[in-house]
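So the structure is just underneath, and the comments pick up after that.
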Amino acid sequence: MEVFIIGGGASGIVAAIFAARAGKKVTILEANDRFGKKLLLTGNGRCNYFNEDLSISHFHSQKKEFLSQLIKEETLKEVLSFFEEIGIVPKIKNGYYYPYSNQATSIREALLVEAEKQGVRILTEEKVREIRKKQTFEIFTETHQYQADIVVLATGSKAYPKTGSTGDGYTFAKSFGHSIVPVLPSLVPLVGEERYFSLWNGIRSDVKLTLFENEKKIAEEFGEIQLTNYGISGICVFNLSGYVAKGLKDGKKERIEINFMPWISSLKEAFSWMEDRSKKLKGRTIEQLFEGFLNYKLIFLFCKLAPISKDLLWENLSDTQKETLISMLFSFSFDVKDTKSYEQSQVCSGGVPLSEVKIPSLESKLVQGLYFTGELLDVDGDCGGYNLSFAWLSGLLAGKDIGRYDTNKTSKN
Ligand SMILES: Cc1cc2nc3c(=O)[nH]c(=O)nc-3n(C[C@H](O)[C@H](O)[C@H](O)COP(=O)(O)OP(=O)(O)OC[C@H]3O[C@@H](n4cnc5c(N)ncnc54)[C@H](O)[C@@H]3O)c2cc1C
């Protein structure tokens, strides 16, 4: 039985390994000149391949109800054992798993060695153009034609297309009658139109971020953000970006509030904290009072926007002036107008709906012998190793299920 995996990325190689371990003859067709181009970029070249916190809330899908049937703790643990088996020694930092070498190439090479050991054939520079189903599947690349009994679509999403994931999988899925949950960039910086962005460009700050959609609070995150000349970036920004992209597409108003005093949880508390501070540090100017916890560029910006001279003594300010400044520190707000594009997004939301695949095998409900793995499916995860976790997990589930087919593909064991 010929199994063809379209896409030599994270999920494709794991599907290949598990199908081959079950005795199937497996070929990967990869458009790039080598396997795992995106993998090498992950985690800033260190590959954050897993996370200690296995909570389902870190994964998102339009069909949320299927997530808990698909992403089970025991399967995630199986994924972790698999990496141990193939020789990866983890380094765990704040729950984030990296290879101990701190090099993504360790993960890539371990996967390649295992694939080779299992006899998986990897054909590179084979961009698939079309797949047809007759008795068997016919796969057309630019230069070759292949026949397959089983096809796994592991082509990824449209995120970071320079790594080879250009969205072909959506076209293939549609050609087999599948629908696609609208695809949007996720884990991506947020863009605003404020003129003052040039004044905060380059600052990093630990904050609390709150996202409001049509003035209703929908999510919050704590962590370091980067203030840039187009808006904001950083892990906690990325984790809100999926909601923003969907909201903007639906014509909703998306507003971000930044709390530059994240240890404080109400405006009233912020006010008394500052009054207290000014009493302890009597005779200080605004600049001198703020500089103990705030970046100078922000002090300058807030005073300019207020507008209040930074050289005024805090105790000489009116209540309104104090309120203006404290509100900026506690809930600095701007409207998000856009996200950065697919070129800069780490993943995409949307894809093949979970309602159209069998769970947990990930075989199409419409076409026997057709499987979907990884980001092509309508599942995306938070920053922290969740997207690779899902890629591995989906590859493992599909690969194992393929292994259950008998040689005539008439029944499964
Ligand atoms: C910069 C960056 C950093 C990231 N860091 C992390 C991280 O640290 N942790 C984490 O969990 N996630 C991270 N991610 C996300 C993670 O890399 C992806 O979610 C994951 O790789 C998806 O796996 P996949 O198998 O679905 O697709 P991919 O890994 O994208 O593989 C798809 C493969 O299919 C090939 N392909 C596409 N079309 C065709 C075709 N027509 N014919 C043949 N081949 C084709 C592509 O060339 C590609 O090699 C990061 C992403 C980016 C862009």
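Okay, here's what the table says:
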read-out	value
Over 27 Å between alpha carbons, listed pairs LYS72/LYS365; LYS25/LYS93; LYS25/LYS158; LYS38/LYS117	LYS25/LYS93; LYS25/LYS158
Sum of side-chain charges, LYS208 neighbourhood, beta-carbon under 11 Å (Lys, Arg +1; Asp, Glu -1)	-4
Efficiency of FRET between ASN94 and LYS253 - r from beta-carbon atoms, R0 35 angstrom, step 0.05	0.55
Local net charge near LEU354, Cβ-Cβ under 11 Å (Lys/Arg +1, Asp/Glu -1)	+1
Separation between Cα centres of the range 145-196 and the range 211-251, rounded to whole Å	22 Å
Dipole-positive endmost among ASN32, GLY283, VAL89 within the chain (Cβ charges, Cα centre)	ASN32
Computed label-point distance, nm, for sites LEU313 and GLU74 using a 7 Å Cα→Cβ extension	7.2 nm
Part-to-part distance (alpha-carbon centres) for the range 6-27 and the range 103-119, which is given in Å	12 Å
Packing rank of 112-122, 46-56, 263-273, where each peptide gets the mean count of other beta carbons within 10 Å, highest leading	46-56, 112-122, 263-273
Using a Förster distance of 41 Å, the FRET efficiency for VAL367-ILE218 (Cβ separation, nearest 0.05)	0.65
Magnitude of the charge dipole, the range 251-307, Cβ model with Lys/Arg +1 and Asp/Glu -1, debye to 20	100 debye
For the chain, with +1 on Lys and Arg beta carbons and -1 on Asp and Glu, the positive-most of PHE302, PHE18, ASN48 along the dipole	PHE18
Prolate/oblate/rounded call for the range 1-117, Cα gyration tensor, a/c under 1.5 rounded	oblate
Lys, Arg +1 and Asp, Glu -1 on Cβ, resulting dipole of the range 189-340 about Cα centre, debye, nearest 20	100 debye
By average C-beta atoms within 10 angstrom, highest first, the peptides 62-71, 35-44	35-44, 62-71
Estimated dipole of the chain in Debye, rounded to 20 [Cβ of Lys and Arg +1, of Asp and Glu -1, Cα centre]	320 debye
Of the DSSP H helices in the chain, those whose Cα atoms cover at least 15 Å axially and whose Kyte score averages 1.0 or more	10-21
Semi-axes of the equivalent ellipsoid for the range 189-340, Cα gyration tensor, largest first, Å	29, 15, 13
Calculated [θ] (222 nm, deg cm²/dmol) that DSSP helices of n ≥ 4 give over the chain, each run adding -39,500 (n - 2.57)	-10000 deg cm²/dmol
Gain upon complete extension [SER331, GLU193; 0.36 nm per residue less C-alpha separation]	47.9 nm
Descending semi-axes in Å of the chain, equivalent ellipsoid built from Cα gyration tensor	49, 20, 17
Cα gyration tensor shape for the range 114-197, rounded if a/c is under 1.5, else prolate or oblate	prolate
For the range 311-413, radius of gyration divided by Kirkwood radius, i.e. Rg to Rh on alpha-carbons	1.41
Taking the chain and dividing mean pair separation by its residue count, relative contact order in percent (alpha carbons under 8 Å, at least six apart)	25 percent
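Values quoted throughout were computed directly from the atomic coordinates according to the rules given, and no laboratory measurement underlies them. These figures come from a predicted structure and were not determined experimentally. In this analysis, Cβ positions are derived from the backbone assuming ideal geometry, glycine residues included, and neighbour counts consider all displayed protein chains.
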